[in-house]
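Below you'll find the structure, written out as structure tokens, and then a few comments.
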Amino acid sequence: MAGTPNWVVVVIGLCLGIGLFVLALRVRAPARRSEGTAWGAAELEFILGPLEGQVMALTAEVTTLGSVAGNTIVLADAAVSRKHAGIRRDSSGWELADLGSTNGVFINGQRMAKRLLAAGDIIRIGASEMVFRMEKVG
């Protein structure tokens with residue numbers, strides 16, 4: 001740029017560089033739930049196992065799944081521990097945790113000790129498979 005002062009070239013270059021940096025961050029950053037996001041109803045739709053065809057709403061702050069009475073959801077299955085797993089609701093969404101079960105908890109085919117659930121996740125506990133569903137408010 002003949003005849004253009006050097007400081008103008010530097011300012012234009014800095015603006016372009018900052019713009020490209022911000023764009024790259026937006027493209028590469030994974031979608032995250034913010035702490036202030038409001039989440040509406042959530043439910044488990046059972047697609048295999050003793051509760052197949054049933055839908056259970058997650059209305060409590062903590063939902064427990066296990067083989068004995070006293071759990072929020074009772075799974076009559078010898079492969080399910082007495083207190084097998086828990087789903088806890090907080091401002092980030094719903095987090096599923098294995099409560100020290102023998103046979104584990106699988107989310108989308110992967111054994112997991114703990115994970116923040118996403119809509120459409122397939123959870124397997126013993127012979128039961130369920131789809132986690134939720135809706136975002138706002």
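The values are calculated or read from the model by the stated rules, or taken from the named source; none is laboratory data. Small disclaimer: the values here were computed from a predicted structure and weren't measured. With ideal geometry, Cβ positions are generated from the backbone for all residues, glycine too; neighbour counts draw on all protein chains shown. Surface accessibility is based on the protein's heavy atoms, side chains included, excluding ligands, DNA and RNA. Shrake-Rupley method; radii C 1.70, N 1.55, O 1.52, S 1.80 Å.
Of the residues that make up segment 86-93, is at least one outside any strand (DSSP E or B), open to solvent by 60 Å² or more (accessible area, probe 1.4 Å) and among the charged types (D, E, K, R)? Don't jump to the end; show me each part of the working.
Of segment 86-93, the ones outside any strand (DSSP E or B) are 91-92.
Then keep just the ones that are open to solvent by 60 Å² or more (accessible area, probe 1.4 Å); that gives none.
No: zero hits.
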For the condition modelled with pLDDT under 95, charged (D, E, K, R), surrounded by fewer than 18 Cβ atoms within 10 Å (Cβ to Cβ) and touching a strand residue (DSSP E or B) at 6+ places or on another chain (Cβ under 9 Å), what is the one hit in E52, E135, E43? E135
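At pLDDT below 95, out of contact with any Gly (no Cβ under 6 Å at 6 or more places or on another chain), in a strand (DSSP E or B) and exposed (fewer than 10 other Cβ atoms within 10 Å of the Cβ), is that true of G36? Spell out the reasoning first.
Values: at pLDDT below 95: yes; out of contact with any Gly (no Cβ under 6 Å at 6 or more places or on another chain): yes; in a strand (DSSP E or B): no; exposed (fewer than 10 other Cβ atoms within 10 Å of the Cβ): yes.
No.
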Could you grab me the full set of residues in segment 111-129 that are farther than 13 Å from W94 by Cβ and part of a strand (DSSP E or B)? R111, I122, R124, I125, S128, E129
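With respect to N71, determine if the residue is touching a His at 6+ places or on another chain (Cβ under 9 Å), open to solvent by 50 Å² or more (accessible area, probe 1.4 Å) and free of Cβ contacts under 8 Å to residues at least 40 places away in the same chain. Please lay out each step first, then the result.
Numbers: touching a His at 6+ places or on another chain (Cβ under 9 Å): yes; open to solvent by 50 Å² or more (accessible area, probe 1.4 Å): no; free of Cβ contacts under 8 Å to residues at least 40 places away in the same chain: yes.
Criteria not met by N71.
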